[in-house]
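Peer 1: Please see the structure below; I have some questions.
The values are calculated or read from the model by the stated rules, or taken from the named source; none is laboratory data. Given the structure is predicted, the values throughout are model-derived calculations rather than measurements. Counting neighbours? That spans all protein chains shown, and the Cβs are built from the backbone with ideal geometry, glycine included. Note: accessible area is taken over every heavy atom of the protein model, side chains too, but ligands, DNA and RNA are not part of it. Shrake-Rupley method; radii C 1.70, N 1.55, O 1.52, S 1.80 Å.
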Amino acid sequence: LADVDYQQKVWVRGEPHPGVQHDELDYALHFLFDDTDLAATPEKSIGVFLLNKEEARLVHSVTQALDSLLTQYGVELSDAEYLAKPEWIKVVDSARVALDTLNNAESRPS
């Protein structure tokens with residue numbers, strides 16, 4: 001969700017990506033909204049996927065941006081159509097902040 005170039009290449013144009021057979025926005029949405037508690041109650045994922053409340057807050061901001069987009073435009077658009085919406089930048093920006101924080105946490109000693 002944080003990489004617009006990847007999204008355009010893989011999700012929109014369907015180009016291959018090393019180590020990825022197929023990917024699309026729907027996979028991220030299902031992971032966040034259906035397969036985990038990350039969208040509804042990210043704090044429940046502290047100790048599972050997340051280290052602390054700050055990470056939970058950042059993931060929540062990503063899911064809020066996605067939820068707002070889906071509420072406004074529905075769930076039937078193509079990946080290209082979602083990515084073309086002006087609100088998509090909020091998704092990408094919040095995902096970048098969350099990813100940077102998560103990546104920095106991974107490099108800290110435990």
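Peer 1: Take residue 15 and decide whether it is in contact with a Lys or Arg (Cβ under 8 Å, 6 or more places away or on another chain) and either part of a helix (DSSP H, G or I) or modelled with pLDDT under 95 (or both). Lay out the reasoning, then the answer.
Peer 2: Numbers: in contact with a Lys or Arg (Cβ under 8 Å, 6 or more places away or on another chain): yes; either part of a helix (DSSP H, G or I) or modelled with pLDDT under 95 (or both): yes.
So residue 15 fits the description; yes.
Peer 1: Across the range 32-59, which residue is surrounded by the fewest Cβ atoms within 10 Å (Cβ to Cβ) among those that are assigned to a loop (DSSP other than H, G, I, E, B) and aliphatic (A, V, I, L, M)?
Peer 2: In this case the residue turns out to be 48.
Peer 1: Tell me which of these residue 2 doesn't satisfy, since it passes every other one: (1) open to solvent by 30 Å² or more (accessible area, probe 1.4 Å); (2) not in a helix (DSSP H, G or I).
Peer 2: Condition not satisfied by residue 2: (1).
Peer 1: Would you please list the contacts, defined by Cβ atoms under 8 Å and residues six or more apart or on different chains, that run from a residue in the range 1-26 that is over 18 Å from residue 89 (Cβ atoms) to a residue that is part of a helix (DSSP H, G or I) and open to solvent by 50 Å² or more (accessible area, probe 1.4 Å)?
Peer 2: If the second residue must be part of a helix (DSSP H, G or I) and open to solvent by 50 Å² or more (accessible area, probe 1.4 Å), the pairs left are 15/9; 17/9.
Peer 1: Could you grab me the full set of residues in the range 18-35 that are touching a Phe, Trp or Tyr at 6+ places or on another chain (Cβ under 7 Å) and farther than 18 Å from residue 78 by Cβ?
Peer 2: Residues satisfying the conditions do not exist here.
Peer 1: Further question on the same structure: For the range 51-62, which positions are free of Cβ contacts under 8 Å to residues at least 40 places away in the same chain and touching a helix residue (DSSP H, G or I) at 6+ places or on another chain (Cβ under 6 Å)?
Peer 2: 56, 59, 60, 61
Peer 1: State whether the residues of the range 69-83 include one that is in contact (Cβ under 8 Å) with a residue 60 or more places away in the chain, open to solvent by 70 Å² or more (accessible area, probe 1.4 Å) and at negative phi.
Peer 2: No, because not a single residue in the range 69-83 is in contact (Cβ under 8 Å) with a residue 60 or more places away in the chain, open to solvent by 70 Å² or more (accessible area, probe 1.4 Å) and at negative phi.
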